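Note sheet for the following structure.
Values in this text are rule-based calculations from the coordinates and carry no lab data. Note that the structure is predicted; figures quoted are calculated from it, not measured. In this analysis, Cβ positions are derived from the backbone assuming ideal geometry, glycine residues included, and neighbour counts consider all displayed protein chains.
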């Protein structure tokens, strides 16, 4: 992987710091206004780390589309980070997860009832920030939030469902992960005053980038990676049907498919070598990698609608980092 040029790196870190400062100011203001424990605990999770990918995407797309004053986009950037953090808290409850970003999850620290409320509080704060924008932007955000819930239901319905198809998987990913990427990119372009064609191009960029992002998450879950901030194979343990598993179940037949089904239905840490051996036999890891790269290429092609700029170079770097995950 090529090193990020110094000017881009400085710009990236400067914007990340601006987002962090704005989020910190919001939490501090809410505490001062009497929000108390819910704001404090929600703020601890919000400010505990994270690469701020969604806010940065919004800012970069705003600038690529001709926007100049990032104060115009900052509420949108924060909105998507607040909503994202809310979904993480709720996901952790559903998954009975003990770690997030390498630290104890909120429901493990304070109990499920308060954690649910904290997630709700972040969601309301995030959606409320979008109120300053046009109806077109608010509709994009509303639809993205609604589709997160629809996809969460569908994912729960497919836990340990060995008949899950690639189409089922992609429908879940589009709603849960890629849809918010698309919404922040397209709404940022609208705020910048871009044409409908340009706004939709950035929306498609976000959708393709989001699909690639989730595919890489699937691969990291199987390979194990300390940057994930959670144990290796947590998706397998929770019965989530990720694409490598779906692909292997589709291609394997007879005794090997029965063996894979048995592993998935009774998974434990002692079955890792057997599982990875079957995924290698079906070439499912390579397949998922190839599909991830295809979606990244499609995302990058959408940026051809825009002239060269620092912001465009940063969006291209984001696409590279989805593959490398070294941001």
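Here the relative contact order of region 6-118, from alpha carbon pairs under 8 Å that lie six or more residues apart, stands at 24 percent.
Computed from the C-beta positions of residue 22 and residue 112 and an R0 of 51 Å, the FRET efficiency is 0.95 to the nearest 0.05. Which one of 182, 194, 86 has the biggest mean-square fluctuation once the chain is modelled by GNM with Cα springs under 10 Å? Judging by the Gaussian network model, the answer is 194.
Find how many whole Å separate the alpha carbon centroid of region 245-269 from the alpha carbon centroid of region 98-119. If you average the Cα positions of each part, the centres end up 33 Å apart. Contact order, relative form, for the chain: 19 percent (alpha carbon pairs under 8 Å, 6 or more residues apart, mean separation divided by residue count). In terms of surrounding Cβ atoms within a 10 Å radius of their Cβ, 101, 29 rank from fewest to most as 29, 101. Take the alpha carbon gyration tensor of region 65-171, find the square roots of its eigenvalues, order them as a ≥ b ≥ c, and report rounded if a/c is under 1.5; if not, report prolate when a/b exceeds b/c, else oblate. Since a/c reaches 1.5 but b/c is at least a/b, the shape of region 65-171 is classed as oblate. Its alpha carbons considered, the chain gives a radius of gyration followed by a Dmax of 20.0, 64 Å. Helix 284-302 versus the longest principal axis of the chain: what is the Cα-based angle in degrees, 0 to 90, to the nearest 10? With rounding to tens, the tilt is 20 degrees. Between residue 273 and residue 31, the modelled labels are 5.0 nm apart [label points 7 Å from Cα along Cα→Cβ]. Comparing 85, 105, 134 in a Gaussian network model of the chain, where Cα atoms under 10 Å apart are tied by springs, the biggest mean-square fluctuation is seen for 134. Full extension of the chain between residue 197 and residue 156 yields a length gain of 11.2 nm, computed as 0.36 nm times the residue separation minus the alpha carbon distance.
Helix 36-46 and the long axis of the chain differ in direction by around 60°, with both axes built from C-alpha atoms.
Taking 0.36 nm per residue of separation and subtracting the current Cα-Cα distance, fully stretching the chain between residue 280 and residue 99 would add 62.3 nm.
Approximating the spin labels as points 7 Å out from Cα along Cα→Cβ, the residue 261-to-residue 51 distance works out to 3.8 nm.
Highest average first, the peptides 252-259, 186-193 ordered by how many other beta carbon atoms sit within 10 Å of their residues are 186-193, 252-259. Build a GNM of the chain with springs between Cα atoms under 10 Å apart, and of 123, 62, 181 the one that fluctuates most is 123. Dimensions of region 170-327 based on its C-alpha atoms, expressed as ranges along the principal axes with the largest first, amount to 57, 30, 22 Å.
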